[in-house]
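Below is one structure, written out as structure tokens, with a few remarks after it.
The values are calculated or read from the model by the stated rules, or taken from the named source; none is laboratory data. Since the model is a prediction, treat every value here as computed from it, not as a measurement. Neighbour counts run over all protein chains shown; Cβ positions are idealised from the backbone, glycine included.
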Amino acid sequence: QWRQNTSHAGQKPRADWKNVLQIPGAGRKSRKPPTPFVGYKPNGKSQVILCPQVTINKRVITYGSYDVLHRGHINLLHRAKALGGYLIVGLSSDRFNQIKQKRTFYPLADRRLIIESLRFVDEVIIEDSWEQKATDVVKHQIDILVMGDDWAGKFDHLKNLCEVLYLPRTPSISSTMVKAELF
């Protein structure tokens, strides 16, 4: 659990953060400040937010292609991490993206490297089929499955295995929009 030193509520945190985060099974403690990130409000204005208290005994998983990484992906992943202490990202394989009729700019190896580089992602696994989600939830002892609200209702059949949450998408951004602008 995060312990933090602040001067007063509503003020900026002091520089002497004393945080200890221990992830069950990790076998080590890591000292680090809470993760600041830029969140986007529906009106499009940005706001710097500190990572909220995390429940370190929860394991969270989310899935996606994560091609052409953008602030919407970062917001989703950061909010997913804030729901628990350990975040697993299921990264859609190139073959699975073809099945879904999605065309990615970056190959799987590049997308994996990018997602693994994010400090709030603890583990990356490869997703090869729709049915894999149920297997992953059991295999990785998942407490919460997180997806964007554009998938609302599509994974409710997994509610008997874990909690299923659909988080709101970041307005005015998507991989499709970014690709349309670039190409």
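Select from the range 95-124 the residues that are exposed (fewer than 14 other Cβ atoms within 10 Å of the Cβ) and among the aliphatic types (A, V, I, L, M) and list them in ascending order. Answer for the range 95-124, where residues must be exposed (fewer than 14 other Cβ atoms within 10 Å of the Cβ) and among the aliphatic types (A, V, I, L, M): Ile99, Ala109, Leu113.
One residue alone among Ile88, Ile74, Ile114, Ile125 is out of contact with any Lys or Arg (no Cβ under 8 Å at 6 or more places or on another chain), over 21 Å from Thr176 (Cβ atoms) and either hydrophobic (A, V, I, L, M, F, W, C) or outside any loop (DSSP other than H, G, I, E, B) (or both), and that residue is Ile125. Looking at the range 164-179, can you tell me whether even one residue there is among the β-branched types (Val, Ile, Thr) and modelled with pLDDT of 95 or more? Yes. Has the range 103-115 got at least one residue that is within 23 Å of Val164 (Cα to Cα) and in contact with a helix residue (DSSP H, G or I) (Cβ under 6 Å, 6 or more places away or on another chain)? No. Asp122 fulfils the conditions (1) closer than 20 Å to Val164 by Cα; (2) modelled with pLDDT under 90 except for a single criterion, (2).
On the stretch given as the range 129-183, residues that are farther than 26 Å from His70 by Cα, among the charged types (D, E, K, R) and either in a helix (DSSP H, G or I) or in contact with a Ser or Thr (Cβ under 7 Å, 6 or more places away or on another chain) (or both) total 2. Counting the residues of the range 92-124 that are in contact (Cβ under 8 Å) with a residue 60 or more places away in the chain and of a type in the set (A, V, I, L, M) gives 0.
Val48 meets the conditions (1) part of a strand (DSSP E or B); (2) of a type in the set (Val, Ile, Thr); (3) under 25 Å from Asn160 (Cβ atoms); (4) modelled with pLDDT under 90 in every case but one. The failed one is (3).
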